[in-house]
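Read through the structure below, which is laid out as structure tokens, and then see the notes.
The values are calculated or read from the model by the stated rules, or taken from the named source; none is laboratory data. Small disclaimer: the values here were computed from a predicted structure and weren't measured. Every residue, glycine among them, receives a Cβ derived from its backbone with ideal geometry; neighbour counts consider all protein chains shown. Surface areas here come from the heavy atoms of the whole protein model, side chains and all, with no ligands, DNA or RNA. Shrake-Rupley method; radii C 1.70, N 1.55, O 1.52, S 1.80 Å.
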Amino acid sequence: MNLFYSVREAFSGFTKARISMVITIFTVSFFLFILSIVAILSLNMNRLVTMLNANHDVQLFLANTLTSVEIDQLRSDILAMDDVVQVDYISKEKAAEEFKKEFGDDIFAVLEENPLPASFIIKMNEKSDMKTNLSDFAGELERRPEVDEVVLHQGALQILVKFAHVSRVVLYLLFTLVFLGSLFMISNTIRLIIFARQQIIATMKLVGATDAFIRRPFLIEGLLQGFIGGVITMLMIYVLVKLFLLQWPGLLLVPRELYWIVLFAGVSFGFSASLFAIRRFL
Amino acid sequence: MLELHNVKFIYPTGDGIQHITFRINPGELVFLVGPSGAGKSTVLKSIFLQERPTEGHVIVGEYNSLFVSRQEIPYLRRKLGIVFQDFKLLNDRDVFRNISFVLEVIGTRSKVIKRRVLRALADVGLSHKSRKYPEELSGGEQQRVAIARAIVNEPYILLADEPTGNLDPDTAGEIMDVLMRINMRGTSLLMATHNFALAKAYNGRIIRIEHGQLV
């Protein structure tokens, strides 16, 4: 095995077919950039959903006729349900106080009796998946006779979360499509480069070069192209994220690992696309 | 050393070779003579297994075509030196690298490579052109580089497929001189040519082939 030869051939391939190299590196960067954007969006969508899930709660209004025993029983039933972490009881009196705080008027000044029902504020844990089972959760509670009404506080946010769910699926699909597409494109570009060097490959075979020996410089070349493509994408993402955060501070979270993943993806892209492309010629 | 036993290979077009049997002894000079399309190149290709015989077998040193796996073919080819009519030089590298890569293929150390390449270049009289690119050389010089590439690995046998076919008579004579010198030093030479007069001018064995069969 002559690794030095392979590395030298790989670098000389770089200088001999400059335009093809630039095209391949550009293709790698372009697809990596799209994949990174998709990943960043997906990541931040998850973050938003997690944030919303952490904050959301459900208010449950109780029927007026309940005794304190029934209220306690209902409270422990709810606490036993999945994803429920806390159940706070808001009595009719407390509800009246909060009404006063909110509206500035004492409800008893207007009405003779307190019309506000007692309620529970139910806090869900972070894992509770608002997008799918919160309405089921509310429906289940609403069917109970002790319950008058269930209000999901973040109706508007829920729509957002639902949207997040849909867009996450779209993003994953897009990610897969772009990934496969880019592998195909890069492989084809590299195939063109190899095609131009068919004569070299044929001659090498005639003088007794093994397939592995012939393959090695092309793989190293693919690896280098992927590496350079990865570095360019890293820089592009870094600048773009910086500019975005200057405009909208704190709205985007890009973990440092993403940059390494981009680089690794570039190298893997280049290597596997070369491997895929050269198989045709050996 | 080199033996062909009842070798047959037929292309999808129906052309090909059959019943080819001969042996080449160490240091022997053999001309494979026949008109164009007689099957000379196919015989050579069946020796270095570019075309694998469908019947019969070829023995090159310790390799027998019946038992050689696809992975072993490169190792069989390293026992041979091959010279083509169209030279098959790599235009993207200079003369030195055109020859040295044969040794790099088999993992020879760089010091040894340098010594052996310079020796091969001296054998073909091109020491002064080692940094030239193939396109900067004449046809005769290119063929000499191809011969240097074929002998640098000290092969059992040199296979030459119409090595003078693309050259004018004077240059062809020079190339023949180079090949004869190599043969005189003990390397077997099997040369395919359509030129019967050329073959007769040298003191070698002549094998005639017509319509894919020895005559």
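Annotation: lysines with alpha-carbon distance below 16 angstrom to B:K40 (same-chain offsets under eight excluded): B:K8.
Evaluated with a Cβ-only charge set (Lys, Arg +1; Asp, Glu -1), the protein assembly as shown carries a dipole of roughly 4280 debye about its Cα centre, given to the nearest 20. Here the extension length gained between A:E112 and A:E98 equals 3.3 nm, from 0.36 nm per residue of separation less the Cα-Cα distance. The HN-Hα couplings worked out from phi for region B:151-163 by the Karplus form 6.51 cos²θ - 1.76 cosθ + 1.60 (θ = phi - 60°) are 9, 4, 8, 6, x, 4, 8, 9, 9, 10, 9, 6, x Hz, whole numbers, x standing for Gly and Pro. Volume per residue for region A:57-153 equals 98 cubic angstrom (convex hull of Cα atoms).
For the pair A:L152 and A:L253, a Förster radius of 30 Å applied to the C-beta separation gives a FRET efficiency near 0.65, rounded to the nearest 0.05. Rounded to the nearest 0.05, the FRET efficiency derived from the C-beta distance between A:L192 and A:K242 at R0 = 45 Å is 0.80.
Amide H to amide H distances under 5 Å link B:I209 with B:V33, B:G34, B:V215, where only residues 5 or more positions off or on other chains count and H is placed in the peptide plane. Springs between Cα atoms under 10 Å define the GNM used for chain A, and in it the highest mean-square fluctuation of A:L183, A:L41, A:L116 occurs at A:L116.
From its DSSP helices (H runs of at least four residues, each -39,500 (n - 2.57)), the protein assembly as shown gives a residue-normalised ellipticity at 222 nm of -18500 deg cm²/dmol. For helix A:18-55, what angle does its Cα long axis make with the longest principal axis of chain A, in degrees from 0 to 90 and rounded to 10? The angle comes out at about 10 degrees.
Here the protein assembly as shown is described by how far its Cα atoms reach on the three principal axes: 134, 48, 35 Å, from widest to narrowest. Qualifying chymotrypsin sites (Phe, Trp or Tyr not before Pro) in region B:1-106, where qualification requires a DSSP coil assignment and no more than 11 other C-beta atoms within 10 Å, comprise B:F67. The distance separating the Cα centre of region B:120-151 from that of region B:1-75 comes to 28 Å. Shape analysis of chain A places it in the prolate category; the axes a ≥ b ≥ c from the Cα gyration tensor give an a/c of at least 1.5, with a/b above b/c. Here the scattering of region B:58-215 is modelled by Debye summation over its C-alpha atoms, one equal scatterer each and no solvent; at q = 0.13, 0.16 Å⁻¹ the log10 of I(q)/I(0) is -0.64, -0.95. Protein-only accessible surface at a 1.4 angstrom probe places the residues A:W248, A:W260 in the order A:W260, A:W248, largest first. Near the amide H of B:A160, within less than 5 Å, lie the amide hydrogens of B:V83, B:L190, B:M191, B:A192, all on another chain or at least 5 residues away, with H placed in the peptide plane. If you sort B:F196, A:F11, A:F264, A:F137 by accessible surface, 1.4 Å probe, largest first, the order is A:F264, A:F11, B:F196, A:F137. Backbone amide hydrogens, once placed in the peptide plane, bring A:V85 within less than 5 Å of A:K123, A:M124, A:N125, excluding anything fewer than 5 places away on its chain. GNM remark for chain A: springs join alpha carbons under 10 Å apart, and the peak mean-square fluctuation among A:S167, A:S91, A:S36 falls on A:S91. Ranked from largest, the principal axis spans of the Cα set of region B:105-198 equal 43, 31, 20 Å. Build a GNM of chain B with springs between Cα atoms under 10 Å apart, and of B:P169, B:P35, B:P12 the one that fluctuates most is B:P12.
Extension gain, A:E140-A:V169: 0.36 nm per intervening residue step, less the Cα-Cα distance, totals 7.7 nm. Taking a straight Cα-Cα cut-off under 25 Å and skipping sequence neighbours fewer than 8 places away in the same chain, the lysines within cross-link reach of B:K114 are A:K16, A:K205, B:K79, B:K88, B:K129, B:K132.
R0 = 30 Å: FRET efficiency of B:E135 with B:Y11, Cβ-based, nearest 0.05? Calculated value: 0.35. Reported value for region A:169-231: 85 Å³ per residue, from the convex hull of its C-alpha atoms.
By the rule of a C-alpha distance below 24 Å, with chain neighbours fewer than 8 residues away ignored, the lysines paired with A:K92 are A:K100, A:K101, A:K123.
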